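Written below as structure tokens is the structure these notes are about.
The values are calculated or read from the model by the stated rules, or taken from the named source; none is laboratory data. Worth saying up front: this structure is predicted, and the values here are computed from it rather than measured. Using ideal geometry, Cβ is built from the backbone for each residue, glycine included, and neighbour counts are taken over all protein chains shown.
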Amino acid sequence: MDSRSKRDKILRALWQVVRALFFAVLPGPLFKRWRLFVLRCFGAKLGKGCRVEASCIVWWPGNLVMGDYACLAQGVDCYNVAPIVIGDYATISQRAFLCSASHATDSLARPLVFSPISIESHAWVGAEAFVGPGVTVAEGAVLGARAVAIRDLSAWSIHVGNPARAIKQREIRQ
């Protein structure tokens, strides 16, 4: 999607109207499938068992890919000017911000620059965490609550702070 074309601006405006009238006002598990249907109508690619809460903000569904059983919890802001891909069983916790765009700082005009985000399988983005443009949260990685990822996160490790830094390996016990 060329975010500057007139056609794309009209489609995004239509999405905002549909989101306000037919998505955000229908909370809870009763309307889970309806919300997924609405996202798919606007081009989202969603795996089986996905969960997207009504309070999520998705800038453009056509740039959203979610694997099986992936989750966008309450209040997640998915600013997906560039594609955001969320792998199988990945969780994006409450009020996290996935931000695939920013503004260039090397020009006084501050043009929009964007780069895709990848949240790989079994990764977990904690509550109110920030994931910046071009970041990959590798398989099984955890980004702690309110942490800021501006660089790729290594697989099966736990990252905290601003900027996020690895503090230990993630060990799964059965």
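The table below lists the values:
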{"quantity": "Residues of region 88-100 that turn out to be under 12 Å from the mean Cα position of the chain (by Cα) and either at pLDDT below 95 or not β-branched (Val, Ile, Thr) (or both), as a count", "calculated": "9"}
{"quantity": "Residue list for region 132-154, restricted to those being over 17 Å from VAL76 (Cβ atoms), part of a loop (DSSP other than H, G, I, E, B) and aliphatic (A, V, I, L, M)", "calculated": "ALA138, ALA141, ILE150"}
{"quantity": "Region 6-42: number of residues that are over 20 Å from ILE84 (Cβ atoms) and not in a helix (DSSP H, G or I)", "calculated": "4"}
{"quantity": "Residue within region 28-48 that is farther than 18 Å from ALA127 by Cβ, surrounded by fewer than 14 Cβ atoms within 10 Å (Cβ to Cβ) and touching a residue at least 24 places away in the same chain (Cβ under 8 Å) present", "calculated": "yes"}
{"quantity": "Checklist (1) more than 13 Å from the chain's Cα centre (by Cα); (2) buried (at least 19 other Cβ atoms within 10 Å of the Cβ) applied to SER107, failing item", "calculated": "(2)"}
{"quantity": "Filter pass, ASP152 being surrounded by fewer than 18 Cβ atoms within 10 Å (Cβ to Cβ), of a type in the set (D, E, K, R) and in contact (Cβ under 8 Å) with a residue 12 or more places away in the chain", "calculated": "yes"}
{"quantity": "Test result for ALA73, under 18 Å from GLU128 (Cβ atoms), surrounded by fewer than 21 Cβ atoms within 10 Å (Cβ to Cβ) and within 11 Å of the chain's Cα centre (by Cα)", "calculated": "yes"}
{"quantity": "Looking only at region 155-174, and only at residues there that are of a type in the set (Lys, Arg) and in a loop (DSSP other than H, G, I, E, B), the one that is nearest to GLU120 (Cα to Cα)", "calculated": "ARG170"}
{"quantity": "Checking GLY67 against (1) over 29 Å from CYS41 (Cβ atoms); (2) small (Gly, Ala, Ser); (3) touching a residue at least 40 places away in the same chain (Cβ under 8 Å), the condition it does not meet", "calculated": "(1)"}
{"quantity": "Among residues of region 70-109, those that are of a type in the set (Val, Ile, Thr), within 16 Å of VAL137 (Cβ to Cβ) and either touching a residue at least 60 places away in the same chain (Cβ under 8 Å) or in a loop (DSSP other than H, G, I, E, B) (or both), counted", "calculated": "1"}
